[in-house]
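Single-structure report; data block below.
The values are calculated or read from the model by the stated rules, or taken from the named source; none is laboratory data. Fair warning: this is a prediction, and the values are worked out from it, not measured in the lab. Counting neighbours? That spans all protein chains shown, and the Cβs are built from the backbone with ideal geometry, glycine included. Keep in mind that these areas ignore ligands, DNA and RNA; they rest on the heavy atoms of the full protein, side chains included. Shrake-Rupley method; radii C 1.70, N 1.55, O 1.52, S 1.80 Å.
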Amino acid sequence: MTGMPKEAAAFAAPTRVPMLDLSSEFVLGKALNLFEEEFAAFCGTADAVAVSSGTSALHLALRCCEIQPGDEVITVSMSFIATAWPILYEGARPVFVDIDSKRYTMDPEALARAITPRTRAIIVVHLYGQCADMDPILEIAKGHDIPVIEDAAQAVGALYKGRRAGSMGSFGCFSFYPSKNLGGAGDGGAVTTQSPKMAARLRRLRSHAQLESYWSDEIGYNYRLDSIQCAVLSVKLPRVDRWVEQRRRVAEIYDRELKAGSIALPNASSDGIHAYHLYVIKDARRDQLRRALSARGVQSAIHYPNPIHRQPPYRDSQHHWNLPVTEELALHCLSLPLYPELSDAQIEAVIQSVLDARG
Ligand SMILES: *Cc1c(COP(=O)(O)O)cnc(C)c1O
C-alpha cells in the first residue's frame with residue numbers, strides 16, 4: 001500500500017482476491033453450452049457433448065457400453081484407423097466385418113453372422129459421408145440388445161431416410177478436425193445421444209470423471225473442448241447444410257461428366273443424403289491414374305490404402321479375416337478433389353484429366 005494514510009485504509013472496502021486471475025470461460029464455458037445445444041438441435045438428438053476429438057468421442061461412447069476385457073466389438077476395417085482405437089483402449093477384441101459393395105458401409109448380413117454371446121457393441125461408419133444401411137443394422141442389434149455407435153466423423157449433414165447421421169444409434173461420434181465437413185480451427189469432436197443419463201455420464205468422463213470438484217470414483221479423461229473451438233463451430237454450423245449442398249453439386253457434375261469414362265463412380269443410395277465428405281472412384285489401375293492426374297496438376301488421395309485389420313496394432317495371428325470387398329476397395333479407391341470452394345475451372349480440370357486418362 002503506497003501513499004494511503006493508515007486511517008483511510010482501515011475504512012476502505014476489503015480488496016477481493018480471486019484464487020486465479022484467469023477466466024474459466026476458456027474451457028467448459030458458455031460458448032460450449034451454446035454449441036452443444038445447437039449441435040444437438042442440428043442432429044435431432046436430445047443432447048450433444050463436445051469433446052477434444054473424434055477419437056475421444058468414440059472412446060467415451062464405447063466406455064459407456066461397459067466393456068470387459070475379452071469382450072468383442074464388431075466394426076469395419078475400411079475406415080480411418082481411429083474408428084477401432086477405442087476397442088483396443090478398452091481391452092476388447094475387434095471383430096472386423098466386410099462392407100457392402102455399393103455403399104461401402106457395414107454389410108448387415110456380415111454383421112448378423114459375426115455376432116456371438118461376447119459381442120458387446122457395434123461401431124458402424126458412415127464412410128465418405130454416406131450413412132450405413134441403418135435399419136437392418138439397428139434391427140439385428142436390437143434383437144441381441146447390443147448398443148450401436150455411429151462413427152459419423154465424415155457424415156455431418158448426411159441423412160438416412162430423413163434421419164440425421166448420429167441420431168440413430170445409442171451414440172453418434174463426430175470429429176471437427178479442420179478437414180471434415182464441419183471443421184474447427186483445430187481438433188474437436190462431439191458425442192450425440194438421445195439419453196440424458198448417458199449425456200451426464202459423458203460430461204463427467206470428459207473432465208476427469210469428477211462428480212464434484214476433486215472427487216472421481218472411476219477412471220476419467222481430459223477430453224474437454226476449448227471454448228474458442230466451440231465459438232468457431234457455432235459460427236460455422238448454420239452454414240453446414242449449404243456447404244453440403246455445394247459438395248453435392250460438384251458430385252452431381254462429376255457423376256454426369258465422368259459417366260463416359262471407364263472408372264467406377266460412387267453409389268449414392270436414394271434412401272438418404274450423401275454428404276460427400278469424399279468423392280471416391282474405383283479404378284483397376286488406380287496408381288497409374290493417380291500419376292496421370294498428378295502430372296496435370298490434379299491432386300488425389302487414397303482413403304484408405306491399408307484396411308485397419310492389416311495394420312500392426314490390430315494384427316491377430318489367431319485369426320484370418322475374410323474381407324474381400326474391403327480389400328478390393330483399398331486396392332482400387334481414389335478420392336478426387338471435392339470441397340465447396342472448388343471453382344468451375346477446377347472442376348473442369350479434374351473432369352478433363354480423368355477423361356484424358358480413362359475416357
Ligand atoms: C477423422 C475420423 C476419425 C477421428 O477423428 P479425429 O478428430 O481426428 O480424432 C474417426 N473416424 C473417422 C471415420 C474419421 O474420418
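Some points to look at:
- If R0 is taken as 25 Å, the Cβ-Cβ distance between residue 37 and residue 68 corresponds to a FRET efficiency of 0.15.
- Kirkwood hydrodynamic radius of the chain, Cα pairs, Å: 22.0 Å
- Within the chain, DSSP assigns beta bridges of which about 60% are antiparallel (rounded to the nearest 5).
- Rounded if a/c under 1.5, otherwise prolate or oblate - segment 152-287, Cα gyration tensor axes: prolate
- Among the lysines of the chain, pairs that are 8 or more positions apart or on different chains and have alpha carbons within less than 21 Å of each other number 8.
- Taking all protein chains as they are arranged and a probe of 1.4 Å, the heavy atoms of residue 119 leave approximately 10 Å² accessible to solvent.
- Calculated mean residue ellipticity, 222 nm, the chain: -10500 deg cm²/dmol, from DSSP H runs (n ≥ 4) at -39500 (n - 2.57) each, averaged per residue and rounded to 500.
- Separation in nanometres of the label points that stand 7 Å from Cα toward Cβ, at residue 341 and residue 135: 4.0 nm
- Å² of accessible area per residue within segment 180-282, as computed with a 1.4 Å probe and no ligands counted: 49 Å²
- Each Lys or Arg adds one and each Asp or Glu takes one away; over the other residues whose Cβ falls under 11 Å from the Cβ of residue 60, this sums to +4.
- Computed FRET value (nearest 0.05) for residue 245 with residue 15, which takes r as the C-beta separation and R₀ as 35 Å: 0.05
- Ordering 171, 157, 106 by Cα displacement along the dipole of segment 65-195 toward the positive end leaves 157 in first place; charges were set at the Cβ atoms of Lys, Arg (+1) and Asp, Glu (-1).
- Note on residue 228 and residue 185: the model spin-label points, each 7 Å out from Cα along the C-beta direction, lie 0.6 nm apart.
- Solvent-accessible area of segment 207-318 (1.4 angstrom probe, protein heavy atoms only): carbon and sulfur portion equals 48 percent.
- Karplus-derived 3J(HN,Hα) values for segment 132-143, using 6.51 cos²θ - 1.76 cosθ + 1.60 with θ = phi - 60°, are 5, 6, 6, 4, x, 5, 5, 5, 4, 5, 5, x Hz; glycine and proline are entered as x.
- Contour excess over end-to-end distance, with Cα ends at residue 288 and residue 269 and 0.36 nm allotted per residue: 3.9 nm
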